[in-house]
Amino acid sequence: MNIKNNLRYKNSSEKIETTFLALMLNHKYEDISISQICELADINRSTFYAHYDDINDLIIKIEGKFANSMASIFNFGIRQTNEAFIEMFEFVKANKYFYKAFLNIPYATLAETSIKNKVLTNIKDTHNTNFSNDINLFYRASFFGAGIKEICRLWLDRDCKESPRQMATLLIEEYNGRDR
């Protein structure tokens with residue numbers, strides 16, 4: 001029996017996710033079918049449905065894993081150091097297959113929005129901010145987040161030619177000295 005915690009189940013899930021991400025490099029997610037995934041992953045449709053309800057469920061689960069991993073690097077907004085940004089760029093580079101596909105999605109995803117809200121809450125709760133109100137924090141965090149996404153997207157397009165340390169330094173220098 002293919003129970004959720006056994007190795008075969010986990011391998012099938014990884015195979016489905018890897019195949020989907022590979023397809024996303026050349027196709028829009030709405031153009032990808034379950035049949036394509038099953039054929040390329042060499043699995044049956046029943047195996048796909050044992051793991052996911054549909055492609056949207058697959059997307060949400062994949063992105064949720066990566067968003068939580070990324071947020072944990074910053075301890076959900078509490079840790080904001082040069083080393084954290086180096087770790088972020090190392091994580092993006094190590095998972096460039098995923099990020100090349102997902103950084104080209106033109107809207108904020110459910111996982112991204114959820115993580116952003118957790119980060120904003122932690123920043124408000126743990127930092128003595130100079131924001132006159134919550135809306136200033138929201139707009140500045142949105143601006144900063146969009147900048148990070150674009151820098152990562154461009155870096156991946158250049159095949160990560162600069163080191164994670166160089167990218168972190170560039171990012172810190174850009175925002176250094178700006179009041180919160």
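I'm checking my understanding of the structure. Among residues of segment 63-86 that are open to solvent by less than 30 Å² (accessible area, probe 1.4 Å) and in a helix (DSSP H, G or I), which one is modelled with the lowest pLDDT?
Top of the filtered list is Ala71.
If we keep just the residues of segment 1-33 that are aliphatic (A, V, I, L, M) and assigned to a helix (DSSP H, G or I), which is modelled with the highest pLDDT?
Step one: list which residues in segment 1-33 are aliphatic (A, V, I, L, M), which gives 1, 3, 7, 16, 21-25, 32.
Then keep just the ones that are assigned to a helix (DSSP H, G or I); that gives 7, 16, 21-24.
Working: Leu7: 81, Ile16: 96, Leu21: 86, Ala22: 87, Leu23: 90, Met24: 82.
It comes out as Ile16.
Starting from residues that are modelled with pLDDT of 90 or more and assigned to a helix (DSSP H, G or I), keep the ones in segment 160-174 and report whichever is most open to solvent (accessible area, probe 1.4 Å).
Ranking the qualifying residues of segment 160-174, first place goes to Arg165.
Just to be sure I understand, how many residues within segment 35-62 are aliphatic (A, V, I, L, M), open to solvent by less than 40 Å² (accessible area, probe 1.4 Å) and under 20 Å from Tyr97 (Cα atoms)?
Step one: list which residues in segment 35-62 are aliphatic (A, V, I, L, M), which gives 37, 40-41, 43, 50, 55, 58-60, 62.
Those left that are additionally open to solvent by less than 40 Å² (accessible area, probe 1.4 Å): 37, 41, 43, 55, 58-59, 62.
Now drop any that are not under 20 Å from Tyr97 (Cα atoms), which leaves 37, 41, 55, 58-59, 62.
Of the residues in that region, 6 qualify.
Please verify whether segment 11-34 includes one or more residues that are surrounded by fewer than 18 Cβ atoms within 10 Å (Cβ to Cβ), among the hydrophobic types (A, V, I, L, M, F, W, C) and over 21 Å from Cys152 (Cα atoms).
Checked segment 11-34: at least one residue is surrounded by fewer than 18 Cβ atoms within 10 Å (Cβ to Cβ), among the hydrophobic types (A, V, I, L, M, F, W, C) and over 21 Å from Cys152 (Cα atoms).
Take segment 87-98 and flag every residue that is assigned to a helix (DSSP H, G or I) and in contact (Cβ under 8 Å) with a residue 12 or more places away in the chain. Talk me through it step by step, then tell me what you get.
Of segment 87-98, the ones assigned to a helix (DSSP H, G or I) are 87-94, 96-98.
Within segment 87-98, Glu87, Met88, Phe89, Glu90, Phe91, Val92, Lys93, Lys96, Tyr97, Phe98 qualify.
The values are calculated or read from the model by the stated rules, or taken from the named source; none is laboratory data. None of the values given here were measured: they were computed from a predicted structure. A quick note on method: Cβ atoms are made from the backbone with ideal geometry, for glycine too, and the neighbour counts reach across all protein chains shown. Heads up: the accessible areas ignore ligands, DNA and RNA and are worked out on the full protein's heavy atoms, side chains in. Shrake-Rupley method; radii C 1.70, N 1.55, O 1.52, S 1.80 Å.
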